[in-house]
Amino acid sequence: MIHSLSRARTIVGVLLATLSLMLAGCALEGSGPDTASPKDDTDEMTTVKVGYLHTVAVDAHLWLGIVDGTWEKHGIKVEPVRFDTGIALSQALSGGSVDVAIMGAVISNFPARGGSKIFLLNDVEYDTAQLWVHPESGITSVKDLAGKKVLTTQGTTAHVFLHNALKENGVDPTSVQVVDAAMPAAVSAFISKAAPAVALWVPFDANVKKNAPTAKMIDSAKSYYPDAAILGGWITSDKFHKERRDVLKKIAAGWLEVNEQLVGDTKTALKKVHDKAYADTQELEDTERQFSFEKAFTNDEWVEMYGNGEVIEWIDKVERTFIEIGGLPTYRDPKEFFDPTILTEAAKERGGNE
């Protein structure tokens, strides 16, 4: 009887000890951040491959956010992927090798074809496109271009500017011989006087000033602002937009912080951008000069322009220009490929958290 009772107590003791270990194990397991304190959605780190064109007007926001850790603060691990042309970048976005693309005037072209959406804008390329001529050609104004040859890169910011300039000055665009070449080649050809005029974008103007010192700039994009404004910004595929809208909002939230610094303390911000992305190829003064040719806006100004339709009008006008120059087959309402709600919702949430 005593042995049976002792044996029973032993069994109970073992069971209690086992139960205690199980409870302790559960307590330890539940104390981890993934169970007892699950991470908020904004704490999840998502890798996003961002394709970009390497010009200050396009990628300044991207690099400033990387330097300051702003993207990671909002749960985004950016993998930047450089491209040399908007066409190659657009193809990469279509093929899925990048999730998001940052580009210039092409945002009014590629998304209009279907399959992608604009969800964020960086700036207006206010004065980045310019028209340069050799004085001995006799060309002193845009009106003198009729019957003349002009070098440029077709389907780009410079080409859109040239077309608008011709129309605004009463010159039939078909009367001008537009010679297509990659911009470095176009500028080199102009310098060697293979053509009397070139429509280029900054910073290629520096090449002309250095190597063709007698050349003159006779017009630039600012002459047609705000009636014709060329926007640069961020686009994504329809698939990513539909399935990862939460990620796009995180990008927009980070962008708002980046833009606030870029507009509010431009000198400090550009020093960071320069040191990170441009120090090996140009001086800080060059980076600052290039930024001065674009028009940046405050967050509040962007939200207002998203809401009052001004941005839509700008996208629409550039799209129609692409159709006129043969860069687009048909017109599509920008409201179908521009989503203003990503930024406006992020701005509203940010305002509520301050």
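Checking the conditions here, which among 50, 81 is at pLDDT 95 or above and in contact with a Pro (Cβ under 8 Å, 6 or more places away or on another chain)?
Values: 81 fails: in contact with a Pro (Cβ under 8 Å, 6 or more places away or on another chain).
Only one candidate qualifies: 50.
From the residues in region 56-92 that are under 23 Å from residue 204 (Cα atoms) and of a type in the set (Asp, Glu), which one is surrounded by the most Cβ atoms within 10 Å (Cβ to Cβ)?
Among those that are under 23 Å from residue 204 (Cα atoms) and of a type in the set (Asp, Glu), it is 59.
When you go through 313, 345, 304 one by one, which is the residue that is in a helix (DSSP H, G or I), under 30 Å from residue 178 (Cβ atoms), touching a helix residue (DSSP H, G or I) at 6+ places or on another chain (Cβ under 9 Å) and among the charged types (D, E, K, R)?
Details: 345 fails: under 30 Å from residue 178 (Cβ atoms); 304 fails: under 30 Å from residue 178 (Cβ atoms).
Of 313, 345, 304, the one residue that is in a helix (DSSP H, G or I), under 30 Å from residue 178 (Cβ atoms), touching a helix residue (DSSP H, G or I) at 6+ places or on another chain (Cβ under 9 Å) and among the charged types (D, E, K, R) is 313.
Residues in region 127-143: is at least one surrounded by fewer than 24 Cβ atoms within 10 Å (Cβ to Cβ) and either within 21 Å of residue 58 (Cβ to Cβ) or within 20 Å of the chain's Cα centre (by Cα) (or both)?
Checking region 127-143: at least one residue is surrounded by fewer than 24 Cβ atoms within 10 Å (Cβ to Cβ) and either within 21 Å of residue 58 (Cβ to Cβ) or within 20 Å of the chain's Cα centre (by Cα) (or both).
Note down all Cβ pairs under 7 Å where the first residue falls in region 85-96 and is free of Cβ contacts under 8 Å to residues at least 40 places away in the same chain and closer than 12 Å to residue 116 by Cβ, the second is assigned to a loop (DSSP other than H, G, I, E, B) and of a type outside the set (D, E, K, R), and they're at least six residues apart or on different chains.
These pairs meet every condition: 90/110.
The values are calculated or read from the model by the stated rules, or taken from the named source; none is laboratory data. Predicted, not measured: the structure shown is a model, and the values here were computed from it. Reconstructed Cβ throughout: ideal geometry from the backbone, glycine too, with neighbour counts over all protein chains shown.
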